[in-house]
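Comments concern the structure below.
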Amino acid sequence: MDEISKKARVSKSTLYAHFCNKEVLFRSIISCECANIALLEAWSEAWDLPVVEGLRLIGLTYVTSITSPKALALQRVVLGGAQHFPELAQALYEADRELTFGRISAYLSEINRRGELSIPDIDLATHQFIGLLKGEMHLKLLLCIRETLDEDGVRIFVEDSVSFFMKSYCGVGFQG
């Protein structure tokens, strides 16, 4: 709390006036960060694009946001303290589930309803799409095995992930 008050240039009493304890403060930080990670700008644009382009936009925005230095730092802090502060890990999980998972699920439900894809289980497809986008790449960044991603590498990775996903729910004839 001392470090946070210094960086925010406010007293600790001011912090405690707004956040009754550390847990409430960290939950607030997690919610704000996940709201940024939740692809807010990409959603409205993706709805109006052909499905493959919409998935590419969502994928690229998602991968870029979860692999940003700020997002990785937050994830590392939460993971590092998860055993002692499971409520913070739960807060991160719930915020991500509500914002990111919920939005991808809604998007997939709509394109499925419109007949652009044939998805028998939206929940499973959402898990699969997110899993494809994270892959080993995200884990390497999270564990500091790899430091950064190059823009072209991210683009190719997302395009391959979208292509694989489309082939799964569109049939073998998909050419992305």
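Tabulated data
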read-out: Of the DSSP H helices in the chain, those whose Cα atoms cover at least 20 Å axially and whose Kyte score averages 1.0 or more; value: 51-66
read-out: For the chain, calculated [θ]222 nm from helices alone, where every DSSP H run of n ≥ 4 adds -39500 (n - 2.57); value: -23500 deg cm²/dmol
read-out: Computed magnitude of the charge dipole of segment 56-176 (debye, nearest 20; Cβ of K, R +1, Cβ of D, E -1); value: 40 debye
read-out: Taking N as its residue count, the alpha carbon Rg of segment 53-101 over 2.2 N^0.38 Å; value: 1.30
read-out: Among Phe85, Phe101, Phe165, residue whose mean-square fluctuation peaks in a GNM of the chain (springs only between Cα atoms under 10 Å); value: Phe85
read-out: Local electrostatic count, Ala46, Cβ distance below 11 Å [Lys/Arg +1, Asp/Glu -1]; value: -3
read-out: Read-out Cα extents along the principal axes in Å, derived from the coordinates shown; its label in (i) 76, 57, 56; (ii) 51, 36, 26; (iii) 62, 33, 29; value: (iii)
read-out: Among Ser13, Thr61, Leu79 the positive-end extreme of the charge dipole of the chain (Cβ point charges); value: Ser13
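Laboratory data are not the source of any read-out in this text; all were calculated from the coordinates shown. Just so it is clear, the structure is predicted and the values come from calculations on it, not from any experiment. Counting neighbours? That spans all protein chains shown, and the Cβs are built from the backbone with ideal geometry, glycine included.
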